[in-house]
Amino acid sequence: PRSRAYRTSARVVEALVERAENGGIILLHLGSDREDPIAPKISLLLDGLSARGFRFARASEFLAREGMTEDRLAALRLRPADRAGSAASR
């Protein structure tokens, strides 16, 4: 809270609603030890986004819609060196 960059939970929610874009993913660390936790304000976030016409999906549903198959996701998990090694062994 003493940092100039600190935002209250209400301001964080307000900014998320204002700046939301189609296809966006919001990641919140709800288990943090903020003095002003965001978790109790999740309903305000969802209501604000709904009021702007956004719909919600699980990450797996969103990724599937974007063409991310299990194989493509597995390939992303490999480090670059691992990818080169697996391609060479084929």
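One residue stands out in segment 23-50 among those that are aliphatic (A, V, I, L, M) and open to solvent by less than 70 Å² (accessible area, probe 1.4 Å): the one that is nearest to L63 (Cα to Cα), namely L28. Within segment 15-56, the set of residues being free of Cβ contacts under 8 Å to residues at least 12 places away in the same chain and among the charged types (D, E, K, R) comprises E18, R19, E21, D33, D47, R55.
Residues that are open to solvent by 100 Å² or more (accessible area, probe 1.4 Å) and modelled with pLDDT of 85 or more: does segment 74-88 have at least one? The answer is no; no qualifying residue exists. Taken over segment 4-22, residues that are closer than 25 Å to F62 by Cα and open to solvent by 50 Å² or more (accessible area, probe 1.4 Å) amount to 5.
The values are calculated or read from the model by the stated rules, or taken from the named source; none is laboratory data. Remember, predicted model here, so these are calculated numbers, not experimental data. Counting neighbours? That spans all protein chains shown, and the Cβs are built from the backbone with ideal geometry, glycine included. These accessible areas exclude ligands, DNA and RNA; they are computed on the full protein's heavy atoms, side chains included. Shrake-Rupley method; radii C 1.70, N 1.55, O 1.52, S 1.80 Å.
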